[in-house]
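Following: one structure in structure tokens, then a few remarks.
Quick note: the coordinates plus some simple rules give every number you see, no bench work behind them. These numbers come from a predicted model, not from an experiment. So basically every Cβ, Gly included, is an ideal-geometry build from the backbone, and we count neighbours across all protein chains shown.
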């Protein structure tokens with residue numbers, strides 16, 4: 001593994017959490033070293049957005065070099081309410097184009113939350129259970145500490161559900177909607193905190209100084225719904241892969 005375990009300042013963290021600090025351009029490779037262990041036929045929980053892009057690029061390169069990924073099963077963290085799965089701004093489209101198709105994973109092995117009713121949410125939870133649970137879940141962290149779309153205030157018992165998106169989250173995602181905040185959906189269906197924590201392993205990927213305060217609070221602060229990522233401290237197997245800017249003590 002090309003990353004190095006960070007000795008300071010983020011010590012001590014939870015005894016079940018390891019922090020791998022690396023250069024920004026190494027994040028994808030370091031994270032892929034961990035994620036590739038679920039191949040050839042594990043259940044992989046996938047995050048969307050910019051944070052894990054380098055990780056997916058590294059996994060695709062490994063497939064080109066012989067890693068078998070076609071039998072992986074994918075479960076996405078979240079999806080906007082109101083966007084059709086064929087809308088290029090949807091996470092369904094992202095998962096297909098960025099992850100599933102390049103890794104050779106057929107559509108019938110890919111699940112993305114859809115709909116907007118409690119029954120839709122329960123069906124998604126049930127599909128994860130029927131798959132045997134998630135072997136490894138990839139997550140990012142929002143500037144406000146959200147994981148998935150579990151915004152501040154989300155407690156540890158939450159399961160897949162429809163949520164109202166914080167304005168700060170919508171502003172951060174407006175770049176994918178031509179910079180127009182009014183086009184960013186106000187609601188999303190997301191795996192809950194408890195759903196995420198039910199994965200057997202979790203890999204959190206973060207980069208940049210803008211994530212430093214939320215990440216430090218998640219790793220070293222109190223476990224609180226004010227920073228939903230802090231609930232990861234309760235998980236038995238978490239790997240954080242982050243660059244030095246995201247791990248700065250003084251941010």
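Figures for the structure shown
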read-out	value
Correct choice for semi-axes √(5λ) of the Cα gyration tensor in Å that was computed from the model, options (1) 27, 22, 17; (2) 25, 22, 18; (3) 51, 21, 13	(2)
Most fluctuating residue given options 183, 53, 220, as computed from a GNM of the chain linking Cα atoms under 10 Å	183
The stretch 66-110 and the stretch 132-151: distance between their alpha carbon centers, rounded to Å	16
Residue of 121, 39, 76 that the Gaussian network model of the chain assigns the largest fluctuation, springs spanning Cα pairs under 10 Å	39
Residue exposure sequence - 195, 224 - by fewest surrounding Cβ within 10 Å	224, 195
For 146, 176, order by how many other beta-carbon atoms lie within 10 Å, fewest first	176, 146
Distance from the stretch 218-240 to the stretch 17-37 (C-alpha centre basis), Å	19
Value of relative contact order over the stretch 4-243, rounded to a whole percent, pairs C-alpha under 8 Å and six or more apart	26
Residues in the stretch 54-90 reached by a label modelled at residue 178 [backbone nitrogen below 18 Å; 7 Å Cα→Cβ]	83-84, 87-90
The stretch 115-251 - convex hull of alpha carbons, volume per residue in Å³	109
The chain - mean residue ellipticity at 222 nm from DSSP helices (-39,500 (n - 2.57) per run, n ≥ 4, rounded to 500)	-6500 deg cm²/dmol
For the chain, built as a Gaussian network whose Cα springs stay under 10 Å, the top-fluctuating residue of 70, 125, 175	175
